[in-house]
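Values quoted throughout were computed directly from the atomic coordinates according to the rules given, and no laboratory measurement underlies them. What you are looking at is a predicted structure, and each value in this text was computed from that prediction instead of being measured. Cβ coordinates were reconstructed from backbone atoms using ideal geometry, including for glycine residues, and neighbour counts include every protein chain displayed.
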Amino acid sequence: MERFKFGSEVAFAPRQDILEGVTIAPLTPPIAAGSPVQCAIFRLGPGGRIGRHPALVPQIFAVLEGTGTVAGTDGVYEDIRAGEAVFWAEGEEHETSSASGLTALVVEGPELRPFERRA
């Protein structure tokens, strides 16, 4: 077993124009380094925003704490809160924002797809 931290003390603020008030705490190496998936904790502070961009690979955005809004290709904003997740397909334009702040687990990978509950 190997323990590691992913709290705000180990997170970094990426230098990208599309990210405002966002910090990222990686949980895995990036896909670019040969990892089959990449996972990270994203924290959006109050007023935080991940601007519109295409998903480079399929992506799951699972809100662990807080509330916000998400939009896909259609640009229609939908509320999202802790306990809910969205899936964006490869190439799908999407964005996220939060008036009050949120914490999410982001999982990305070329073979990723959402769980389908069987009846």
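Could you calculate the contour length gain from residue 74 to residue 113, that is, 0.36 nm times the residue separation minus the distance between their Cα atoms, to one decimal place in nm?
Extending this stretch completely gives an extra 12.0 nm.
So, in nm, how far is label residue 16 from label residue 31 when the simple model puts each one 7 Å beyond its Cα toward the Cβ?
1.2
Taking the number of other C-beta atoms within 10 Å as the exposure measure, put 94, 53 in order starting with the fewest.
53, 94
Test of understanding: given the chain, find the longest segment containing no chymotrypsin sites (Phe, Trp or Tyr not before Pro) that are in a DSSP loop and have at most 13 other Cβ atoms within 10 Å.
No qualifying site falls inside 5-114, the longest such stretch.
Take every Cα pair under 8 Å in region 31-92 that's 6+ residues apart, average their separations, divide by the length, and report that relative contact order as a whole percent.
35
Taking a quarter of the surface of the Cα convex hull of the chain, what do you get in nm²?
One quarter of the hull surface, i.e. the mean projection, equals 8.7 nm².
Give a quick list of GluC sites (Glu not before Pro) in region 1-47 that DSSP marks as loop, anything other than H, G, I, E or B, with at most 12 other Cβ atoms within 10 Å.
Loop-located and lightly packed - 2.
Hey, with R₀ at 41 Å, roughly what FRET efficiency would residue 56 and residue 81 work out to, going by the Cβ-Cβ distance, to 0.05?
0.95
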